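Only one structure is covered here, and it is reproduced in the block below.
The values are calculated or read from the model by the stated rules, or taken from the named source; none is laboratory data. Predicted model only: the values in this text are computed from it and were never measured. A quick note on method: Cβ atoms are made from the backbone with ideal geometry, for glycine too, and the neighbour counts reach across all protein chains shown.
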Amino acid sequence: MGSGSTDQATSLLDDACDQGVAAACYDLATMATQLEGDRYDTARLLDDACQFGHPPACVEHRRITVGDDPDTHQSRCDDSDAYGCHLYATHLDRIGSGADDERIEQFYRKACEGGDATGCTAYGRRLDARGADSDYIADILDTACEGGDAAGCHHLGILRERAGDDPTDALRRGCDGWHATSCFELAERSSYDSTELFERSCRLGSSDGCWQTALRLLDRPLPTELIRGVELLERACLNDHFLACGFAFEFAQRGADVDDAVSERACRAGHHDAC
C-alpha cells in the first residue's frame, strides 16, 4: 500500500473527526507521530476523542498529560479520579506476579464505579477469567458498553453467546463503536449480504475482514470490484494474512499492481514461485 492509501485514510479520518466521530479522532492520535502539521497533536486529538465519548482516549489522554508515575495515579485514585484508578490498576497488572490479583480488581472496580467505561471492561474481563457470576459480569460489561467502550460491547456479546443467548445486539453496538472484531463477528452471523460489515471491519484494521471482503468482490463481474478486491488482498497480506498473500501474488503474476512486499510474504507463506 503506497503513501496515497495512507493519505486517503488520513483524509477520511480527518473528516470524520471534524464531524465528531470519536473513534476517528482516536485513530488519528495513534498515527500522529507519523503525520505532519500542527493539527496532529496527540494530546489534543485524544482530548477531542475523549470529549466526543471515546473512553480509551480519556485514559490515554490522562496518562500522557499526567505521566506514568504510579504513585501519582494511586494518589489521584484516592482522590476519586477514575482514570487514576484505571492507570494504577494497569500499572499493577503490568508488574504481573508482583501484584495481588484481588488488589488489581479493586482498582479496576473503583475506576468503573467512578465512571470509566474502559475500567468496567477491564474489571469485567478479569471477573470472567476467574469464573465469577455471569449475570454480574454481564451487568458490568453492559455498563462499559453503555459508557461507550466498544470492547466492552464485544466481550458482552461473547458472554451472551456462551450462555446460549443472541449476541447480535451487543456486537452491533460494538461495531457501531468502531470495534473491528465486533464488525467481523457480526458479519459472520449476518443472514443478509455481509460484504459491507466485512469491509467495515477491514477498514478498522481486521485482516480477516479484508480477506473476506476481497473474496466477495473477486466473485463479482465488474472490473472496478475486481481491482478493489485485489487491493484488499494486498492490505490483508501486509497485515499478516498469509493466505491472502498467495492470492495477491497470483494476481500480481497476471499483471495486477501490488506492493513488492507481497512477493516476500507469499514466499514466506510457502508459495515457492514468489521466492
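Annotations
- A Cβ distance below 8 Å, combined with a sequence gap of six or more or placement on separate chains, defines the contacts here; from the stretch 51-69, residues that are at positive phi and touching a residue at least 40 places away in the same chain (Cβ under 8 Å) reach residues that are outside any helix (DSSP H, G or I) and crowded, with 16+ Cβ neighbours inside 10 Å in the pairs 53/148.
- Considering residues of the stretch 232-275 that are surrounded by 19 or more Cβ atoms within 10 Å (Cβ to Cβ) and touching a residue at least 60 places away in the same chain (Cβ under 8 Å) only, the residue farthest from residue 198 (Cα to Cα): 238
Yes/no per residue for (1) in the same structural domain as residue 94 (by TED's automatic domain parsing); (2) touching a Ser or Thr at 6+ places or on another chain (Cβ under 8 Å); (3) surrounded by 18 or more Cβ atoms within 10 Å (Cβ to Cβ); (4) under 18 Å from residue 181 (Cβ atoms):
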| position | (1), (2), (3), (4) |
| --- | --- |
| 121 | yes, no, yes, yes |
| 133 | yes, no, no, no |
| 147 | yes, no, yes, no |
| 150 | yes, yes, yes, yes |
| 153 | yes, yes, yes, yes |
| 160 | yes, no, yes, yes |
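- Among the residues making up the stretch 72-92, those that are among the hydroxyl-bearing types (Ser, Thr, Tyr) and under 15 Å from residue 104 (Cβ atoms) are 88, 90.
- Residue pairs whose Cβ atoms lie under 8 Å apart, sitting 6 or more positions apart in sequence or on different chains, and linking a residue in the stretch 173-196 that is within 15 Å of residue 156 (Cβ to Cβ) and in contact (Cβ under 8 Å) with a residue 60 or more places away in the chain to a partner that is buried (at least 17 other Cβ atoms within 10 Å of the Cβ) and of a type outside the set (Ser, Thr, Tyr), are 177/23; 177/148; 177/149; 177/150; 177/153.
- Exactly one residue out of 108, 83, 40, 88 is closer than 21 Å to residue 154 by Cα and not small (Gly, Ala, Ser): that is 108.
- Selection from the stretch 180-212 of residues that are within 24 Å of residue 28 (Cα to Cα) and of a type in the set (Ser, Thr, Tyr): 181, 182, 201, 206, 207
- Every residue from the stretch 185-215 that is surrounded by fewer than 24 Cβ atoms within 10 Å (Cβ to Cβ) and hydrophobic (A, V, I, L, M, F, W, C): 204, 211, 215
- The residue that is surrounded by the fewest Cβ atoms within 10 Å (Cβ to Cβ), counting only those in the stretch 86-104 that are within 23 Å of the chain's Cα centre (by Cα) and modelled with pLDDT of 90 or more, is 91.
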